[in-house]
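> Attaching a single structure in structure tokens format; questions to follow.
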Amino acid sequence: MTHTPGPWRHGPSLSPPYRCVYFSRKRDEPYCTSPLEPGDAKLIAAAPELLAACMMVLDDPGLTANANDVIRAAIESATK
């Protein structure tokens, strides 16, 4: 499955103090989620970077087979 490439950002929504996650790279074409709590918006906006970090960990030759399986399952679940 593919996803909208990052970077994603969070910014103000029309319902302060809530925030939105913006997936578009172009400022004139914002695609915003529904209003979110600020912490949730920050976490969702970080998703592309978190996925990239997990995939980098998979490349670590020192990773145990069990840890590798757990991380791979988490990535597969998150990208469905």
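The values are calculated or read from the model by the stated rules, or taken from the named source; none is laboratory data. Here the structure is a predicted model, which means the values were calculated and not measured. These accessible areas exclude ligands, DNA and RNA; they are computed on the full protein's heavy atoms, side chains included. Shrake-Rupley method; radii C 1.70, N 1.55, O 1.52, S 1.80 Å.
> May I ask you to verify whether VAL70 is open to solvent by 80 Å² or more (accessible area, probe 1.4 Å) and at pLDDT 80 or above?
Yes, satisfied.
> Right, another one. Confirm whether PRO7 is at pLDDT 80 or above, closer than 20 Å to ILE75 by Cα, open to solvent by 50 Å² or more (accessible area, probe 1.4 Å) and not in a helix (DSSP H, G or I).
Taking the combined requirement at face value, the residue satisfies it.
> When the residues of segment 12-34 are narrowed to those that are closer than 27 Å to SER77 by Cα and open to solvent by less than 70 Å² (accessible area, probe 1.4 Å), which ends up modelled with the lowest pLDDT?
Among those that are closer than 27 Å to SER77 by Cα and open to solvent by less than 70 Å² (accessible area, probe 1.4 Å), it is SER24.
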